[in-house]
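J.: Encoded as structure tokens, here's the structure I'll be asking about.
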Amino acid sequence: MSIIEKTATELLAMQAKGEATAEAIADAFLAAIRQRDPHVKAYLHVDEAAVREQAKSVDSKRKRGEKLGPLAGVPIAVKDVLCTKGVPTTCGSKILHNYVPPYDAHVISPGGSSGGSAAALAASEAALAIGSDTGGSIRQPASLCGIVGIKPTYGRVSRFGLVAFASSLDQVGPFAHNVADAALLLEVIAGHDSRDSTSVDQPVPNYSKTLDEPVKGLRIGVPKEFFGEGLDAEVEASIKTALREYEKQGAKLVDVSLPHSPYAIAVYYLVATAEASSNLARYDGMHYGHRTKAKGDLVATYSKSRGEGFGKEVQCRIMLGTYALSSGYKDAYYLKALKVRRLIKNDFDNAFKQCDVIMGPTSPTPAFKIGEKADSSLAMYLSDIYTISCNLAGIAGMSIPCGFTKSGLPIGLQILAGPFEEEKMLRVARQFEKATDWHTKRPKL
């Protein structure tokens, strides 16, 4: 097995034993990026010189016996919505194509996008990755790429330095090849940050230490709403097989209901777009972001700058959000959506009184071809049908590999837990991982 196929935990052990240096590890991953990324297209920016310089610094500090961070020498891919000092942060958009942040986001390591983050990890172009999840943007790519992805409880990880889309939904989280690596990265990025008013001041458990402890008397909630029309037959079969594996280990399956989950997509695309309309208003070509070269008055400059900088889907969401917040419509749409959001949260509160975790599919289908759903926004939005409610409720969720289709496409099992119950969620995920080998599969590139 080559270096780039090692897990983060294995890379740390190799460095500790003197079997590999941080520089050798960095060189191996940089070579993989040069070779593979023209096909994968996961990265928007790679600073090879800075990577090597940091790797050499880690090796020097280790040689001198200096204290190192828990992930020193492990290459980590970062989604292009997290500010990185001196390095372009563009959100994959023309609106920010010249933006170079003067500071690091809270979760960026001083020594050191979501689909791109997932692809980079799955293609062994990084050992770990960081993404952000607003309606499933960590869990769904994880599912479709056959890796582990976690959306922590809202407030568990600081959003300072995260370019905001929907402020009450966005949450930063880890991608990894297995649960142990995900737990290690979550330990590093989680915790209170006074610079983020939504960050919760609550101790971070040692997730790695308790990972292999069994979950006694585990009750798994299985919502009927997650197994209805639109669920791919192969996906459903893999999820039910995974549930049977938990039963073999002594878990009890409990039927639960999330009656307001059918309204989750409608609620999300009002709340998220309304917040996006507000957050993205600053990108006007005057205060911030791309400015058109076309001549005109103030209004024309605003219009041209935003029209050139934002893609069609972003423009659509801004317009929808602006409409939902407009005079005469705010009560009918946005405020009503907030009330239904509360009901969705109540559904989860009631369900967790009957069970420890909730399980179901992460995505209703396996991965689809690029552009396959480009002509139908609704079809794209429905891909998030099982992930969105987790964000609306602010609870913890993750996706782990649980099988493949006959054509070789990965399938993800979604595990949901109550607020700040990531420790339990990780232990539950680890029990399945110990009994199966789906997480060890890597694509041939």
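The values are calculated or read from the model by the stated rules, or taken from the named source; none is laboratory data. The structure displayed is predicted, hence computed values, not measured ones. Here the Cβ positions follow ideal geometry from the backbone for every residue, glycine too, while neighbour counts run over all protein chains shown.
J.: What are the pairs, 6+ residues apart or on separate chains, where a residue within the stretch 250-268 that is on the phi > 0 side of the Ramachandran plot has its Cβ under 8 Å from a residue that is part of a loop (DSSP other than H, G, I, E, B) and surrounded by 14 or more Cβ atoms within 10 Å (Cβ to Cβ)?
T.: GLY250/LEU218
J.: For residues that are under 25 Å from GLY149 (Cα atoms) and charged (D, E, K, R), scanning just the stretch 51-105, find the one that is surrounded by the most Cβ atoms within 10 Å (Cβ to Cβ).
T.: Looking at residues that are under 25 Å from GLY149 (Cα atoms) and charged (D, E, K, R), I get LYS79.
Residues checked against (1) in a helix (DSSP H, G or I); (2) of a type in the set (D, E, K, R); (3) within 22 Å of ILE4 (Cα to Cα):
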| position | (1), (2), (3) |
| --- | --- |
| ALA32 | yes, no, yes |
| GLN35 | yes, no, yes |
| HIS39 | yes, no, yes |
| LEU44 | no, no, yes |
| GLU53 | yes, yes, yes |
| GLY116 | yes, no, yes |
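J.: Find the helices (runs of 4 or more DSSP H) located wholly in the stretch 377-439 whose residues include 1 or more that are modelled with pLDDT under 95 and touching a Lys or Arg at 6+ places or on another chain (Cβ under 7 Å), and list them.
T.: Numbers: elements: 377-382, 388-393, 422-435.
Filter on the stretch 377-439 gives 377-382.
J.: When the residues of the stretch 310-319 are filtered to those that are hydrophobic (A, V, I, L, M, F, W, C) and surrounded by fewer than 20 Cβ atoms within 10 Å (Cβ to Cβ), which remaining residue is modelled with the highest pLDDT? Steps first, answer last, please.
T.: First, the residues of the stretch 310-319 that are hydrophobic (A, V, I, L, M, F, W, C): 310, 314, 316, 318-319.
Now drop any that are not surrounded by fewer than 20 Cβ atoms within 10 Å (Cβ to Cβ), which leaves 314, 316, 319.
Details: VAL314: 91, CYS316: 91, MET319: 94.
Checking each candidate, the answer is MET319.
J.: Would you confirm, using the coordinates I've provided, whether SER257 is in contact with an Asp or Glu (Cβ under 8 Å, 6 or more places away or on another chain), more than 30 Å from GLU5 (Cβ to Cβ) and surrounded by 18 or more Cβ atoms within 10 Å (Cβ to Cβ)?
T.: Details: in contact with an Asp or Glu (Cβ under 8 Å, 6 or more places away or on another chain): yes; more than 30 Å from GLU5 (Cβ to Cβ): yes; surrounded by 18 or more Cβ atoms within 10 Å (Cβ to Cβ): no.
No, not satisfied.
J.: Looking at the stretch 249-278, which of the residues that are among the charged types (D, E, K, R) and assigned by TED's automatic domain parsing to the domain that holds GLU433 is nearest to GLY321 (Cα to Cα)? I'd like the intermediate steps shown before the answer.
T.: Of all residues in the stretch 249-278, those among the charged types (D, E, K, R) come to 252, 255, 275.
Pick out the ones that are also assigned by TED's automatic domain parsing to the domain that holds GLU433 and you get 252, 255.
Details: LYS252: 42, ASP255: 36 Å.
Taking the candidates together, the pick is ASP255.
J.: Then there is this: Between ALA42, ALA16, ALA20, which is surrounded by 14 or more Cβ atoms within 10 Å (Cβ to Cβ), under 14 Å from VAL74 (Cβ atoms) and either of a type in the set (A, V, I, L, M, F, W, C) or not assigned by TED's automatic domain parsing to the domain that holds PRO174 (or both)? Talk me through it step by step, then tell me what you get.
T.: Values: ALA42 fails: under 14 Å from VAL74 (Cβ atoms); ALA16 fails: surrounded by 14 or more Cβ atoms within 10 Å (Cβ to Cβ).
Answer to the selection: ALA20.
J.: Just one of (1) touching a helix residue (DSSP H, G or I) at 6+ places or on another chain (Cβ under 9 Å); (2) part of a loop (DSSP other than H, G, I, E, B) trips up ARG317, so point out which.
T.: (2)
J.: While we're looking at this one, here's another question. Kindly evaluate VAL157 against the criterion of being under 25 Å from SER143 (Cβ atoms) and either surrounded by 22 or more Cβ atoms within 10 Å (Cβ to Cβ) or assigned by TED's automatic domain parsing to the domain that holds CYS390 (or both). Let's see the steps before the verdict.
T.: Values: under 25 Å from SER143 (Cβ atoms): yes; either surrounded by 22 or more Cβ atoms within 10 Å (Cβ to Cβ) or assigned by TED's automatic domain parsing to the domain that holds CYS390 (or both): yes.
For VAL157, the condition - under 25 Å from SER143 (Cβ atoms) and either surrounded by 22 or more Cβ atoms within 10 Å (Cβ to Cβ) or assigned by TED's automatic domain parsing to the domain that holds CYS390 (or both) - is met.
J.: Which residue is surrounded by the fewest Cβ atoms within 10 Å (Cβ to Cβ), if the candidates are limited to the stretch 111-154 and must be under 20 Å from LYS424 (Cα atoms) and in contact with a Leu (Cβ under 7 Å, 6 or more places away or on another chain)?
T.: PRO152
Yes or no, residue by residue, for (1) in contact with a Ser or Thr (Cβ under 8 Å, 6 or more places away or on another chain); (2) at pLDDT below 90; (3) surrounded by 16 or more Cβ atoms within 10 Å (Cβ to Cβ):
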residue	(1), (2), (3)
GLU236	no, no, yes
ILE265	no, no, yes
GLU275	yes, no, yes
GLY321	yes, no, yes
ALA324	yes, no, yes
SER327	no, yes, no
ASP331	no, yes, no
ARG342	no, no, no
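J.: Okay, moving on. Quick one: which of LEU185, LEU169 is farther than 26 Å from ALA72 by Cα and modelled with pLDDT of 95 or more? Can you show your working first?
T.: Working: LEU185 fails: farther than 26 Å from ALA72 by Cα.
After ruling out the rest, the residue left standing is LEU169.
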